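Comments concern the structure below.
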Amino acid sequence: MPEPIMSPTASIAPPVESYSMNPAADPRRMRRIIAEDPEWSLAIVPLLTELCLRHIVNNFENKPILDELLPKHKVKVLEKLPTTVPLKVTANLVSDEGYWKRCCLKQWQICDLPQYGGSWKRMFFERYLENLIENFIPDVTDLDLILEAIPLCKDHVRKLDIRQLLPPVKMNHKKEAEEELSESESDIAMDMPSIDHFDFGTIASALSFLEELHLVYGVRGCGMNFEWNLFEFTARDCFSLAGALKMCKSLKVFKLHKSKVDDEKARVLIKSLLDHPSLTTLDFSYNHIGDRGARAVGKLMNSSKLEELNLCDNRIRAHGAQAIGHALSTNTTLTSLNLRLNRIGDEGGQAICQALLQNSSLVELNLGSNELSEPTATVLSQVLSKNTTLRVINLSCNHIGLDGGKQLMEGMSDNKTVTEFDLRLTEVGQESEFVINQTLRVNEEGARVESLRKVQAESPESNV
């Protein structure tokens, strides 16, 4: 029987077995689904676990779930958690540094992590609280904004660097008010703002971990709107701050600078710091403190554990320096004293140097720009011969002169400990500068060798 004639276009269907061997060739299995979402694909349908994690992230504000999750799921939630979630939800629940890093980078372009102990969470809450305080306007800003933030911040705040404190919007002329008749005193009181600047007493007791407080009572970037009353640390501010300092038992560093602090205000603040359990650094630089304030500082030196004292650029004269020198002669904790840019003169300079003949704790001394001359250099020469703790001395911008330079050169010939000695603009002469610098190099090398020896003695390998 003849074979059937096939059409050129005809094709023979493959046997059923071939479909089972090659499922991809089955046209019934090659249908394509076109979804409304162009990115949708059957190959990436999320797992039920992923859908659940998405739901947790999207509803985190209303129903935060984190600690109940497995570690790997917790990581995924934190990676996708938006930084816009209210702090009342995340502050005491989220400890992941990666999340707080994202929060910090979103808020600020510059993030100096080492300044905050390497903690992103600490950085966020310290800067967050600083921003609230710096923008607080008395009788305008709602104080509850700060009070509500304190429970969220208190466990993470170690340092507050407040670079401005805003006064009330309407500045009151207090001197004129004091001259008013007693009949109008009630009216004046009603016109006065409740506070002159932010009252730290409202938050001090809650910040139990606060170790550093830096304050400037002034306005940053006021430009053409400059007025002196924008830079006024008032009596009310002083008393409220003094009360706050008493409550800050963990405070180690207190800096109040560029705030026109005078003798009376300094005495009030120092009174609150007497017998402070932890204060080690006090900075009253760039203020208006005179001799009475310096006497109060002298009293503080021997009733606290101060290690660093900065009174740079004030109005301290000879009597104030003598009071500080008297305290220094018996002090056993202070390691750094900065009296630069005052007016202590030779009488005050000699008092400080005489104290150093008995003191055995001070390491750094700055007497730059204090109208000192040869008499101070003469006493300091004796100190250089006998004192064995001083390492850094600054006498720059004083009129020491050639004879004073020779005295210092003679004292340094017997010295083995001073490694830095600033004699710029003192007119001591090139010969004295050269010899003193040679001695400094020798002392520096000796200090380096001694430091290396101590390290080797303390290393475990040396005890084997």
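The values are calculated or read from the model by the stated rules, or taken from the named source; none is laboratory data. Just so we're clear, the structure is a prediction, and the values are computed from it rather than from any experiment. Here the Cβ is made from the backbone with ideal geometry for all residues, glycine too, and neighbour counts use every protein chain on show. The protein model used for the area step is the full one, side chains on, heavy atoms only, and it has no ligands, DNA or RNA in it. Shrake-Rupley method; radii C 1.70, N 1.55, O 1.52, S 1.80 Å.
Please verify whether the range 264-281 includes one or more residues that are outside any loop (DSSP other than H, G, I, E, B), at pLDDT 95 or above, out of contact with any Asp or Glu (no Cβ under 8 Å at 6 or more places or on another chain) and of a type in the set (Val, Ile, Thr).
Looking for residues that are outside any loop (DSSP other than H, G, I, E, B), at pLDDT 95 or above, out of contact with any Asp or Glu (no Cβ under 8 Å at 6 or more places or on another chain) and of a type in the set (Val, Ile, Thr), one finds at least one in the range 264-281, hence yes.
Mind listing just one residue for me: the one in the range 243-257 that is open to solvent by 10 Å² or more (accessible area, probe 1.4 Å) and either in a helix (DSSP H, G or I) or touching a strand residue (DSSP E or B) at 6+ places or on another chain (Cβ under 7 Å) (or both) and, of those, farthest from Ala204 (Cα to Cα)?
Only one residue tops the list, namely His257.
Go through the range 321-347 and report how many residues are open to solvent by less than 10 Å² (accessible area, probe 1.4 Å) and part of a helix (DSSP H, G or I).
Count: 5.
Could you tell me which residue of the range 286-306 is nearest to the chain's Cα centre (by Cα), considering only residues that are surrounded by fewer than 18 Cβ atoms within 10 Å (Cβ to Cβ) and not in a helix (DSSP H, G or I)?
Here the answer is Lys305.
From the list Leu78, Leu105, which one is free of Cβ contacts under 8 Å to residues at least 24 places away in the same chain, open to solvent by 70 Å² or more (accessible area, probe 1.4 Å), aliphatic (A, V, I, L, M) and out of contact with any His (no Cβ under 8 Å at 6 or more places or on another chain)?
Answer to the selection: Leu105.
I'm checking my understanding of the structure. Among residues of the range 148-164 that are of a type in the set (D, E, K, R) and touching a Leu at 6+ places or on another chain (Cβ under 8 Å), which one is least open to solvent (accessible area, probe 1.4 Å)?
Lys159
Select the helices (runs of 4 or more DSSP H) contained entirely in the range 134-201, then report the ones holding at least 1 residues which are more than 30 Å from Ala91 (Cα to Cα) and modelled with pLDDT of 50 or more.
185-191
Looking only at the range 207-236, filter to residues that are small (Gly, Ala, Ser) and assigned to a loop (DSSP other than H, G, I, E, B); which one of those is surrounded by the fewest Cβ atoms within 10 Å (Cβ to Cβ)?
Step by step, filter the range 207-236, then rank; the result is Gly221.
Starting from residues that are touching a residue at least 24 places away in the same chain (Cβ under 8 Å) and among the hydrophobic types (A, V, I, L, M, F, W, C), keep the ones in the range 427-439 and report whichever is farthest from Ala377 (Cα to Cα).
Val435
Only one of (1) closer than 27 Å to His197 by Cα; (2) modelled with pLDDT under 95 is not met by Asn92, so which one is it?
All conditions are met except number (1).
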